[in-house]
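The values are calculated or read from the model by the stated rules, or taken from the named source; none is laboratory data. In this text the structure is predicted, and so the values were computed from the model without any measurement. We place every Cβ from the backbone using ideal geometry, glycine too, and count neighbours over all the protein chains shown.
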Amino acid sequence: MIAIFPGSFDPVTLGHHDIIQRAAPLFSKLIVAVLHNPAKNPLFTVNERVDMLQHLVKDIPNVEVAEYTGLLAGFAREKNAKYLVRSLRSEADCAYEMPMAQANSKLGTDLETVVFFAAPAYIYLSSGMVREVAAVGYTSDFDDTVLDQWVPAAVKAMLRMKLASTKQ
Ligand code: COA
């Protein structure tokens, strides 16, 4: 019962953390996997994203963090994982996830996608929204306590450092 929770995690949010906490007890091992996806023009490097995830899951014994390139189905095969974990915030997510689940089940033998409905507190949240608010906010007079409801404290500190350094 090994599962993979894949994504860009740029950065990981409290919405992702909620999914990790709910999914971990259902599997013997949950691998949170960061995709190398240059197409998304990431704010954080893969190493930074892996570090923030490792910090976040350090107290959940059956969760590990990894990175991958190429096809998710190939990575799942390599890790002997039969399940993918994804989250749905809306109908739009459903329309996006259904073909991806079908494709992954064709690409990987017996690869099942298990979906979790996002908690109501996080249905509007995305990493992109966090990136945008933080990027614009840190260039002006910004009360960054707003970020506390969206990202873990360590991620907020990394956002502040990253965006302060890119301003120069
Ligand atoms: N809480 C907060 N945010 C959530 C969320 C939740 N519960 N659920 C989804 N999201 C957001 C993410 O923050 C992200 O926001 P962003 O686009 O603003 O950064 C967005 O939903 C979806 O991103 P993500 O989960 O990172 O998925 P993705 O669409 O970037 O990539 C992969 C999906 C990584 C699984 C997929 O592209 C992949 O593995 N590709 C590799 C190649 C491959 O195998 N292709 C064939 C697949 S059919």
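Observations on the model:
- Residues that are surrounded by fewer than 17 Cβ atoms within 10 Å (Cβ to Cβ) and within 14 Å of Leu14 (Cβ to Cβ) within region 117-132 comprise Ala119, Pro120, Ala121, Ile123, Tyr124, Ser126, Met129, listed in sequence order.
- Residue in region 150-158 that is in the same structural domain as Met52 (by TED's automatic domain parsing) and more than 22 Å from Ala39 (Cα to Cα) present: no
- Residue satisfying all of: in region 1-12; outside any strand (DSSP E or B) and crowded, with 21+ Cβ neighbours inside 10 Å; nearest to the chain's Cα centre (by Cα) among these: Phe9
- Residue satisfying all of: in region 82-92; in contact (Cβ under 8 Å) with a residue 12 or more places away in the chain and within 18 Å of the chain's Cα centre (by Cα); farthest from Ala118 (Cα to Cα) among these: Tyr83
- Annotation: of all residues in region 97-131 being assigned to a loop (DSSP other than H, G, I, E, B) and over 19 Å from the mean Cα position of the chain (by Cα), the one that is nearest to Phe27 (Cα to Cα) is Leu111.
- Residue in region 132-154 that is touching a residue at least 24 places away in the same chain (Cβ under 8 Å), within 26 Å of Ser28 (Cα to Cα) and assigned to a helix (DSSP H, G or I) present: no
- Residues being more than 8 Å from the ligand (Cβ to nearest atom), crowded, with 16+ Cβ neighbours inside 10 Å and either at pLDDT 95 or above or not in a strand (DSSP E or B) (or both) are entirely absent from region 86-96.
- When Asp141, Asp110 are screened for being exposed (fewer than 14 other Cβ atoms within 10 Å of the Cβ) and not assigned by TED's automatic domain parsing to the domain that holds Met52, only Asp141 passes.
- Scanning region 26-52 for residues being in a loop (DSSP other than H, G, I, E, B) and in contact with an Asp or Glu (Cβ under 8 Å, 6 or more places away or on another chain) gives a total of 4.
- Pick from region 21-54, criterion modelled with pLDDT of 95 or more and within 20 Å of Met100 (Cα to Cα), ranking: farthest from the ligand (Cβ to nearest atom): Leu30
- In region 55-85, the residues that are among the β-branched types (Val, Ile, Thr) and within 12 Å of the ligand (Cβ to nearest atom): Thr69, Val85
- Scanning region 53-81 for residues that are within 18 Å of Ser28 (Cα to Cα), touching a residue at least 60 places away in the same chain (Cβ under 8 Å) and either part of a helix (DSSP H, G or I) or β-branched (Val, Ile, Thr) (or both) turns up Phe75, Ala76, Lys79.
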